[in-house]
1. Spot the failing condition for Arg307; the list is (1) buried (at least 18 other Cβ atoms within 10 Å of the Cβ); (2) in contact (Cβ under 8 Å) with a residue 40 or more places away in the chain, and only one is missed.
2. Among the residues of the stretch 390-419, which ones are crowded, with 24+ Cβ neighbours inside 10 Å and within 21 Å of Gly302 (Cα to Cα)?
3. Filter the stretch 217-242 for residues that are part of a helix (DSSP H, G or I), among the hydroxyl-bearing types (Ser, Thr, Tyr) and over 18 Å from Arg306 (Cβ atoms) and give the result.
4. Hey, can you tell me all the residues within the stretch 243-300 that are in a loop (DSSP other than H, G, I, E, B) and under 20 Å from Trp207 (Cα atoms)?
5. Do we have any residue at all in the stretch 275-285 that's among the β-branched types (Val, Ile, Thr), more than 26 Å from Gln421 (Cβ to Cβ), modelled with pLDDT of 95 or more and over 24 Å from the mean Cα position of the chain (by Cα)?
6. Restricting to the stretch 22-68, and then to whatever is without any contact (Cβ under 8 Å) to a residue 24 or more places away in the chain and in contact with a strand residue (DSSP E or B) (Cβ under 7 Å, 6 or more places away or on another chain), can you tell me which residue is nearest to Asp169 (Cα to Cα)?
7. What helices (runs of 4 or more DSSP H) completely inside the stretch 351-465 contain at least 1 residues that are closer than 30 Å to Ala259 by Cα and in the same structural domain as Glu223 (by TED's automatic domain parsing)?
Amino acid sequence: MIACYEGMPNSYWKEQQIKSLLTKFPEGQIVVKVNEQIAGCALAIIIELESFEDHHTYRQITGNFTFNTHTNDGDTLYGIDVFIKPEFRGLRLGRRLYEYRKELCEKLNLKGILFGGRIPTYHKYKNDLSPKEYIEKVKIREIHDPVLNFQLSNDFFPVRVLKGYLEGDSGSDEYAVLLRWDNIYYQKPSKRTKEIKKIVRLGLVQWQMRTYKTVDDLMQQAEYFIDTLSTYKSDFALFPEFFNAPLMAEYNHLSEAEAIRKLAGYTSEIIVEFSKLSVAYNINIITGSMPELVGDILYNIGYLCRRNGSVERYEKLHVTPDEQKVWGMKGGTKLHTFDTDCGKIGILICYDVEFPELSRLLAVEGMEILFVPFLTDTQNGYSRVRHCAQARAIENECYVAIAGSVGNLPNVHNMDIQYAQSMVFTPCDFHFPTNGIKSEATPNTEMILISDVDLDLLRELHNYGSVKNLKDRRTDLYELKKF
């Protein structure tokens, strides 16, 4: 420390103070060695941030240099000192020390790292620039400050200027910059018995269209898939759009518009059964979609049946030209995310995923997984859904799961053929598959697809990805609003 702080006499810690730190918080004190020689050191304590004023001094934060301010029950790692011996500078050893601090912060589940950073070349500019102006010029590289430039390059950002921070620091004119790094993995302590899961298992049902004479027959097949997915401990079961269409065969003598309104009569009964199954098999069920009559208006809707027994409704906002012309359907009006025990999710039905504004609005609300139940008759129709869904995963930095139906329904008008390949998409970055495809089903074959997704990887992507689609939006030029 004497060698490192040559221009600041008596600024180094005494042996007893170092021993005190090692006794109070040994994990927070770290050295780096080169050829068995100590080349640098980092010292830290844990504080309860609310116990200190926004404008504090070094003396205050260290408890008059006694470190009695340290508490194992605190929420913030506070950096006391980092230094590298002059002969070992240029080897990026300081970066290693900071990486250790970040890992320690995550391991201890602390909110973040905080410290007062010196600005040692400010004394050269103090007559012409305020500390704020100096910091701005350092940020845009008009001025080189060896300490502040280093902190900024290590993902720390300025919070405020601290006046009179370190006594005797003439180089900084006793100013310091309060710098912060946020732990994106921090979880607020909770008394709940079950926390939100980080590794989520998705179960997709690639449904075979076949004849079902009754709702009981239909739900028996649905329960088979739910039972299977539950056996594999899936957190979600996703069914396709209009998976219950075979029940229209009984009404094939009617017009298409009349037949689908008859089908709507089964919806409430099916939802009750799905809700029971979600609780019985401990799985969240996304019921695909079904026709529903509200007064005289026909909608394409679905339900999220949570495993705690709660149920919520979602609507298809953009009906296809065929749905409007043949069935007389209307688009819904409600778009929102859903809170689950596996994080915040969004649900868009088929054609809706081809409108990027919808998923972007959901992403702004914090959506991490987007579910897309779909029904497509031809391969080109499927390709529209598939490629748009993958684009949504990339541009919104989220996972997207799509599930559709396969097979033929020769006895149901307007539902003759189906083509599908269910898939799970990811963003395209280093932690994810290079092609953005986590898993995929065999095309046009009845099966289930099970895939695990890691929500922590999304949080890391948002902050440290090669590109940051959500953060880099030019909100100074444009914005998206939900009415």
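The values are calculated or read from the model by the stated rules, or taken from the named source; none is laboratory data. Keep in mind the model is a prediction, meaning the values are calculated, not measured. Backbone-built Cβ (ideal geometry, glycine too); neighbour counts: all protein chains shown.
1. With (1) buried (at least 18 other Cβ atoms within 10 Å of the Cβ); (2) in contact (Cβ under 8 Å) with a residue 40 or more places away in the chain applied to Arg307, the lone miss is (2).
2. Selection gives Arg392, Tyr399, Val400, Ala401, Ile402, Ala403, Gly404, Ser405, Gln418.
3. Restricting attention to the stretch 217-242, the residues satisfying the condition of being part of a helix (DSSP H, G or I) are 217-231.
Adding the requirement that they be among the hydroxyl-bearing types (Ser, Thr, Tyr) leaves 224, 228, 230-231.
Of everything in the stretch 217-242, those that are part of a helix (DSSP H, G or I), among the hydroxyl-bearing types (Ser, Thr, Tyr) and over 18 Å from Arg306 (Cβ atoms) turn out to be Tyr224, Thr228, Thr231.
4. Of the stretch 243-300, the ones in a loop (DSSP other than H, G, I, E, B) are 243-244, 252-255, 265-266, 281-283, 287-288, 295-296.
Hits for the stretch 243-300 are Phe243, Asn244, Tyr266, Tyr281, Ile283, Thr287, Gly288.
5. Filtering the stretch 275-285 down to residues among the β-branched types (Val, Ile, Thr) leaves 279, 283, 285.
When the remaining residues are screened for being more than 26 Å from Gln421 (Cβ to Cβ), the result is 279.
Narrowing the set further to residues that are modelled with pLDDT of 95 or more leaves none.
The answer is no, given that none of the residues of the stretch 275-285 is among the β-branched types (Val, Ile, Thr), more than 26 Å from Gln421 (Cβ to Cβ), modelled with pLDDT of 95 or more and over 24 Å from the mean Cα position of the chain (by Cα).
6. Thr62
7. Numbers: elements: 356-364, 379-395, 455-464.
Output list reads 379-395.
Yes or no, residue by residue, for (1) at pLDDT below 95; (2) buried (at least 24 other Cβ atoms within 10 Å of the Cβ); (3) more than 23 Å from the chain's Cα centre (by Cα):
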| residue | (1), (2), (3) |
| --- | --- |
| Gly331 | no, no, yes |
| Phe338 | no, no, no |
| Ile347 | no, yes, no |
| Pro356 | no, no, no |
| Leu361 | no, no, no |
| Leu370 | no, yes, no |
